[in-house]
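The values are calculated or read from the model by the stated rules, or taken from the named source; none is laboratory data. Since this is a predicted model, take the numbers as computed values, not measurements. Cβ sites come from the backbone with ideal geometry, for glycine too, and all protein chains shown count toward neighbours.
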């Protein structure tokens, strides 16, 4: 099974190589690696090109934001399964992709997700938050539950059948997308109890108070758009994060 991994980047020359290394060091996996650069003005493109054919496809051009860039990567992917690794992040270990492949091979899963840890921006060994997911039931969406988006790997047919990321959302398109697909009773999602991704703190959604407020508004719009819930689901979604710090 071929898995397409997409990394979206903009002006991240100092950390992109760590993400790329995390992909190319994966063992026993058939990987198509796609990097989508939004038109970096620093040396990020040169760093990516230095990996040669280890990066299967490279796009470097202006885009309309992170979700537009992700959509570009999906559209040129050819793997049966598609997953993401942001340019600040790394995989939990060198066998993660082979483990994900095994779950897809041994189940009828349309999607596989796992656990995520938030780590210090400069020290990847310093854990800030541990997001432990657990098995999924559709009813959990109404209580604000969601899997960590960076850990979610999906059969490519899901994008063909249910659409790409809605670029009308600037921060919460991933939440909108997950609500859209995970509320479908015909789709099956499997939980892999492994730390799939290490994510550096300081992402767009929590970079400032303004972004936190904007994200909450977009999350509420996503809930209502997908007819999942409203304020109560949003409140429970945010409260569920507290336990991740302990």
Q. Hey, any hits in the stretch 121-143 for a residue that's out of contact with any helix residue (DSSP H, G or I) (no Cβ under 9 Å at 6 or more places or on another chain) and surrounded by 21 or more Cβ atoms within 10 Å (Cβ to Cβ)?
A. no
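Yes/no per residue for (1) out of contact with any helix residue (DSSP H, G or I) (no Cβ under 8 Å at 6 or more places or on another chain); (2) farther than 16 Å from residue 156 by Cβ; (3) touching a residue at least 40 places away in the same chain (Cβ under 8 Å):
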residue: 69; (1), (2), (3): yes, yes, yes
residue: 74; (1), (2), (3): no, no, yes
residue: 85; (1), (2), (3): no, yes, yes
residue: 90; (1), (2), (3): no, yes, yes
residue: 107; (1), (2), (3): yes, yes, yes
residue: 111; (1), (2), (3): no, no, yes
residue: 114; (1), (2), (3): no, yes, yes
residue: 117; (1), (2), (3): yes, yes, yes
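Give the residue, chosen from 101, 107, that is within 22 Å of residue 81 (Cβ to Cβ), crowded, with 20+ Cβ neighbours inside 10 Å and modelled with pLDDT of 95 or more. If you could, list the steps in order and put the result at the bottom.
Numbers: 107 fails: crowded, with 20+ Cβ neighbours inside 10 Å.
Exactly one of 101, 107 is within 22 Å of residue 81 (Cβ to Cβ), crowded, with 20+ Cβ neighbours inside 10 Å and modelled with pLDDT of 95 or more, namely 101.
In the stretch 6-61, how many are assigned to a loop (DSSP other than H, G, I, E, B) and either under 18 Å from the mean Cα position of the chain (by Cα) or crowded, with 21+ Cβ neighbours inside 10 Å (or both)?
To start, the set of residues in the stretch 6-61 that are assigned to a loop (DSSP other than H, G, I, E, B) comprises 10-15, 25-29, 38-43, 50-51, 55-56, 61.
If we keep only those that are either under 18 Å from the mean Cα position of the chain (by Cα) or crowded, with 21+ Cβ neighbours inside 10 Å (or both) too, we end up with 10, 12, 15, 26, 38.
Matching residues across the stretch 6-61 total 5.
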Q) Since residue 166 meets every condition but one in (1) in contact (Cβ under 8 Å) with a residue 24 or more places away in the chain; (2) in contact with a strand residue (DSSP E or B) (Cβ under 8 Å, 6 or more places away or on another chain), which condition does it not meet? A) (2)
Q: Would you tally the residues in the stretch 144-189 being closer than 13 Å to residue 111 by Cβ and surrounded by fewer than 16 Cβ atoms within 10 Å (Cβ to Cβ)?
A: 7
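Would you point out which residue out of 29, 69, 19 is modelled with pLDDT under 95 and in contact with a strand residue (DSSP E or B) (Cβ under 9 Å, 6 or more places away or on another chain)? Give the derivation first.
Working: 69 fails: modelled with pLDDT under 95; 19 fails: modelled with pLDDT under 95.
Only one candidate qualifies: 29.
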Q: Consider only pairs whose beta carbons are under 7 Å apart and that are at least six residues apart or on different chains; among these, list those whose first residue lies in the stretch 27-55 and is at positive phi and whose second residue is in a loop (DSSP other than H, G, I, E, B) and surrounded by fewer than 18 Cβ atoms within 10 Å (Cβ to Cβ).
A: 39/61; 39/62
